[in-house]
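Just so it is clear, none of the values below were taken in a lab; they were calculated from the coordinates. All of these numbers come straight from a predicted model, not from anything done at the bench. Don't worry about glycine lacking a Cβ; one is built from the backbone with ideal geometry, like all the others, and counts go over all protein chains shown.
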Amino acid sequence: MPHRLEVTLKPELFDAEGETLRRKAWDYFGIRLDTVRTVSVVTIDADLTPEQLDLIRREVFTNPVTQMSSYEPLPVPFDWTVWIGFRPGVRDNPGSTGVEAVEDILGIQLAPGENLYTSKRYCLAGKELSGDDARKIAEDLLANDIIQQWKVFQAADWNPAEGIGIIIPKVKLDHTPTVSTIPIDSDQALQAVSDERNLALNPNDIPTIRRYFLRDSVQEQRRRVGLSDPTDLELEYISQARSDHCNHNTFRGLFHYTDPMTGQAEDVDSLFKTCIEAPTLKLQSENDWVVSVLWDNAGIGRFDDDHYYVITGETHNSPSNMEAYGGAITGIVGVYRDPLGTGKGARLLMGGYGYCVGPRDYSGDLQPHLHPRRLLDGVIEGVRDGGNKSGIPTTFGHILFHPGYLGKCLVFVTAVGLMPARVGDAPADQKKTSAGDLIIMCGGRVGKDGIHGVTASSEIFSENTPAGHVQIGDPYTQKKMHDFLLEARDEGLIQFITDNGGGGLSSSIGESAQFSNGCVVDLEKVPLKYEGLDQWEIWVSESQERMTVAVRPEDVDRFMALSRKHAVESTVIGHYTDSGKLHIRYNGETCAYVDLDFLESGFPQWEFEAEWLPPAARGLREPVIGEPASYADLLLDMLARPNVSSKEWVPRQYDHEVQGGSVIKPMVGVDRDVPSDAAVIRPVLSSPRGLAFSQALLPTYSAVDAYHMTACAIDEALRRVIAVGGDCDHVGGVDNFCWPNIQYHPEKNPDGKFKAAQLVRACRALRDVCLAYGIPLLSGKDSMYVDGNLAGRYGISHKVSAPETIQFSAISRVPDIAHCTTMDVKVAGDLVYLLGITRDELGGSEYYDHLGYVGRQVPEVRPETFQPLYRCLQTAIADSLTASVRGIYRGGLAVHAALAALAGGLGLSLDLAKVPLEEALRDDKVLFSESTGRFLVTVAPDRRQAFEAALDGHAVGCIGVVTEAPRMVIRGTRGEPLVDLALDDLKTAWKAPFGDLV
Amino acid sequence: MTGKIRALVLTGFGLNCDLETAHALELAGAEAVRVHINALIDGDARLDDYQILAFGGGFSWGDDHGAGVLQAVRLRTNVGDQLRAFVESQRLVIGICNGFQTLVNLGLLPGFDGDYQTRSVALTFNDCGNFRDDWVTLKIDTRSPCVFTKGLDVIDLPIRHGEGKFVTAPEVIARLEAHHQIAARYARPDGAPAGGAFPHNPNGSLDDIAGVCDPTGRVFGLMPHPEGFNHWSNHPLWTRQADTRKRNGQSSLPAGLTPGVQMFRNAVALLQG
């Protein structure tokens, strides 16, 4: 018999969660609540005695100091109460830890089918509260229909004996697993099946697939294992492996690039090969610190003789767009499996984040699935829980608002790990499977999660079908697995390891079997969350927190013993062979038998038309604007722009220091609230070496030219790591492309050719700038369909495409962290230097955007003059000649000088006449130009000579002095006063948009 | 006592500060061993072999039913007697963050009258309503019997928690106060009491309580992370301090133990006698 336990804080205690909800209801919707009290509900669907129930109530679920609880509904007063619970099949983390605790304290095992389910009841009190208000709070603040169900009750209708009733979100499928055979009589027939079953087979691939299965020799082999036409599982496997996500068909495609203005035409055969692989291999051959690139789950660089670092970056856009919290937590926890599955396994060191969303205060006509404000809240919280509960510091990140992301948000997650250089005598970066190795699946169980990605269908909302297409990551299960696998690695038990993410077992086993050249898998051995999955569903399910590991038979007992010690589920589900075949069975019956080299053969290349129109041909021009009369107001307003202003509330809720190696935090300065240029950690606590990490993205420049958008992002990420003490000769990059659809369609995507040209240009910039700076691409990913169709007024839907976006991440080895610097000015009397030339480059700038313009003269990267300057600065930093170093990024000199002053709590007096220029420039342009390649540096007066000598020959201007008076004073190029503002006023403006958020 | 002082650092089930806690203990002169909770339960590791037991930070069992609650349930159910024997044999216990939450749920704190089983204080959700990572200033009660805080007065340490608000009945606070068991309080940067003011008191703890010890001073729990200040470069203002040092002709980082490591050093020194 099920039991429902309610737990709440004692009435005299402050309810912080309730208070947060009360505040949000007012801030977001103007709904006035007097009080909100939270009741936790645990529904126990298990056969327990009254004594057992009382014991777990007291010892597990109720804190005697702070809480009260009862198996009857608690009489917490309310005008309306809102109940929120998960839909069936949605990951309920507290439910499963509750099961662990109950089993432990009672010394029992719950019977199959018995379970615990958690949910919450919010007791809302408010004199004017209406039912619509309560429903609004349920629907638009608390619950997301995709994963949750909710109910509201008015006080008058509440039955104090029954409460919310007993609600058990148990999955009941009542389905017998079946393998179906797919007829392939014609291309049309197979296409029809593909459409019907949501296989997403590319029409161009269909003839190749049919040819294979119709081949006599193939048919003969298949007959011997009892197969004829392809099975659903086989087509799912092929579909997964051929997907753009797994196979990068776009980046491996053939681009017909033309520029009608110049008549230039060029075919680019594989952007991946020409712009990513070739330059990276060249740089690898020139730099012995580049250990492993281009093949594994993440790239590997040498940290020191005994340690390698591992880095990769991912996006999780579509799931986050549908269910922000679930998508983001699944994203961060998922990317953490990549370093764990790199080489023989790496320990996670840190994570980074990048969120691109619509304006937080959006009030237009378009109706995104989630309002940007709610979406951002959920994404922030998802990464918070995913990172914090993994014990991995989230050391760096950024947020960018742009209406182009209303259609689909971007959620970038980056992961850095550390591995020993060797495991025993073997290099830790290398791994392979061999015939005879056992295939072991570790970690979570398999359900209908993530099958075919995010496809919301109507059946999802029925009572007992699992809402599996959006998942909720489980950092607890993964942390246990992480600790277990590293111990197994150190004992030499792991031959090969990879994660189960996109494509599930289909992808992890399909790819790992390529090394040994074959495998046999017995799908009935795969542990399931619930019965009733078809074989193909087990094979492609993307249920999270799983790794696939190859273990030699002689090591399996030890491996399993360690697994038990760490309370991790591990199961032998097959073995690797050298048969050349992917052989999948279920209870002895073959359900797939495919030649592993089939995927390598004869699939047609994707093709794209790419048509470039230069900015002038698109009508872009510089705006015709006069000089500002009130620079002070302008500067204050620039600091209050959402993309410039303080976002302290985000890194403050992220554990950015766990693991004890924090050197440069995400925020620095006397008040610890100004974003630093980059993060630095000490990954090996006994070593003075560090790793500097930064990210940059500048999508507004794509409105002019994605070439410069890319180039500037790389340059910014590079300058960021140099500013804190990084090493120009050891910088690795991670490129994350997020692009709107580039496939031309006359009605649905009329500018597809232009977007394709932008992609070609971005890749060329990646190649050019990385080669020029010597930055190998240690890792990279692409997400190619960042578009959304949003309903608007009159029922008209509007396609919203994201601006072409690259997030570029840089990682650099810091030789000795004792020389690291921060951007806060340090001492009054220090001299202020501007390094690099300021140009008339405001196209796509924050200043122009503030005034409603795009402009045309976008910043350009000039590595041939920039790089020598960077090297000199690096030497100056290492020689302790600098007191503070700040790169000049979005918003320009005025914004970043103000931030350096705010961080130092000291004033600045600046003279624009001393700014190094190429040609005369108006003061507003000097202040807000986003010319790249520049730094703001402060230097103690007694180091002036040495510093100037170190930078000799470069464009360097001593533009002012740090002052004791807490004011920002700027004189114009003609000597007249432009700005004289108190730091307090600057800070107030800078914190105005988001300063109240916690 | 001969040989190195041995310290056991618990790991597993979502705990996560074990590496740096072990590192800080080693810097303090101990031999630190990371031991999985299940190894203790299975008997593969024995508390008897150690003189210091560290309950470290993390999210044990995801903190899903109250921070530290399920860890306490598991330990009490499976090794409760061993734990009490350890405490009663005058050895040292430190609980940091999730470890502090576990100690109060085990009842090892406040340990009035030798009662190491009763739960009478709690750490609940921060008043600010969210997880928070920041640095705080602590004022140490220099008259406290606490072994770990000896010789310390005003120090900075990082906090990183969502459930750090210390709550209990007024009479319990009075009793803690009377016996100087409130070893560490949140303070303003100059060491003056935080007086409940956010963010100096980051979570709304009653009486600015950041850490308490048992009446013997040998069991200590605190929300801030001493192991998070294991190196001078952990401090958020270290580059400012380094700049000053360099202007004075000194190396950028000072020699000597950080206040965080000093807490562990105090424990090791006491045991070394």
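For the reader, a short list of remarks on this structure follows.
- Within 10 Å of each Cβ in B:78-85, the average number of Cβ atoms from other chains: 0
- Label zone (A:ASP27, point 7 Å along Cα-to-C-beta; backbone nitrogen cut-off 20 Å) within segment A:612-651: A:640-651.
- Solution diffusion estimate, µm²/s, Stokes-Einstein, segment A:187-230, Kirkwood Rh from C-alpha pairs, 4 °C, viscosity 1.567 mPa s: 116 µm²/s
- With contacts taken as Cα pairs under 8 Å at a separation of at least 6 residues, chain B carries a relative contact order of 19 percent.
- CD proxy at 222 nm, helix term only [per DSSP H run n ≥ 4: -39500 (n - 2.57); per residue of chain B; nearest 500]: -8500 deg cm²/dmol
- Approximating the spin labels as points 7 Å out from Cα along Cα→Cβ, the B:ASP44-to-A:ARG422 distance works out to 2.6 nm.
- Among A:TYR71, A:GLY253, A:VAL721 the positive-end extreme of the charge dipole of the protein assembly as shown (Cβ point charges): A:VAL721
- Against chain A, whose longest principal axis comes from its Cα atoms, helix A:324-335 is set at around 90 degrees.
- Dividing the summed helix terms, -39500 (n - 2.57) for each DSSP H run of n ≥ 4, by the number of residues in chain A produces a 222 nm estimate of -8500 deg cm²/dmol to the nearest 500.
- Inter-chain shielding of B:18-30 (mean C-beta neighbours from other protein chains, 10 Å cut-off): 2
- Neighbour counts of other Cβ atoms within 10 Å put A:LYS408, A:LYS127 in the fewest-to-most order A:LYS127, A:LYS408.
- Chain A: angle of helix A:752-773 to the longest principal axis, Cα-based, in degrees nearest 10: 70 degrees
- Size descriptors for segment A:332-407, from the alpha-carbon set: Rg then Dmax equal 15.2, 51 Å.
- Spacing of the two label points (7 Å from each Cα toward its C-beta) at A:TRP295 and A:LYS432, in nm: 0.9 nm
- Rounded to the nearest angstrom and listed largest first, the equivalent-ellipsoid semi-axes of segment B:186-250 from its Cα gyration tensor are 29, 17, 10.
- Remark: mean inter-chain Cβ contacts per residue of B:227-237 equal 6, using a 10 Å Cβ-Cβ cutoff to other protein chain atoms.
- For the pair segment A:286-363 and segment A:565-620, the centres of their Cα atoms are 20 angstrom apart.
- Estimated FRET transfer efficiency (B:ASP153, A:ASP47; beta-carbon r; R0 60 Å; 0.05): 0.55
- Counted over the protein assembly as shown with a bin width of 20 Å, the fraction of Cα pairs per bin, in whole percents, is 11, 40, 38, 11, 0.
- The alpha carbons of segment A:652-736 give a radius of gyration and a Dmax of 14.7, 48 Å, in that order.
- Taking a ≥ b ≥ c as the square roots of the eigenvalues of the Cα gyration tensor, an a/c ratio of 1.5 or more together with a/b larger than b/c marks segment A:535-600 as prolate.
- Förster radius 30 Å - calculated FRET efficiency between B:GLU31 and A:GLU487 (Cβ-Cβ, nearest 0.05): 0.95
- Spin-label pair B:HIS180/A:THR176, simplified geometry with 7 Å Cα→Cβ offset, distance in nm: 7.8 nm
- A Förster distance of 56 Å, applied to the separation of the beta-carbon atoms of A:ASN587 and A:ASP306, puts the FRET efficiency at 0.70.
- When you restrict to C-alpha pairs under 8 Å that are six or more residues apart and normalise by the size of segment A:591-740, the relative contact order lands at 14 percent.
- For segment B:168-218, fraction of C-alpha pairs farther apart than 14 Å, in %: 51 percent
- Over segment A:821-998, the pair-distance histogram of Cα-Cα distances with 10 Å bins from zero comes to 10, 38, 37, 14, 1 percent, rounded to whole numbers.
- Under the convention that each Lys and Arg Cβ holds +1 and each Asp and Glu Cβ holds -1, the size of the dipole of chain A around its Cα centre is about 880 debye.
- Chain A, relative contact order in percent, only Cα pairs under 8 angstrom and at least six apart counted: 11 percent
- Charge dipole of chain A about the Cα centre (unit charges at C-beta), most positive-ward option of A:PRO746, A:HIS583, A:LEU910: A:LEU910
- Length added when fully stretched, A:VAL225-A:ARG922, from 0.36 nm per residue minus Cα-Cα: 243.1 nm
- Debye-sum result for segment B:154-273 in log10 I(q)/I(0), which assumes one identical scatterer on each alpha carbon, at q = 0.20 Å⁻¹: -1.18
- Rg and Dmax, both from the Cα atoms of segment A:3-157 and both in Å, are 16.4, 50.
- Potential extension, A:THR875-A:ALA567 segment - 0.36 nm per residue separation minus Cα distance: 105.9 nm
- Electrostatic dipole magnitude of chain B [Cβ: Lys, Arg +1; Asp, Glu -1; Cα centre; debye, to 20]: 640 debye
- Debye equation applied to the C-alpha atoms of segment B:6-272, log10 I(q)/I(0) at 0.12 Å⁻¹: -0.65
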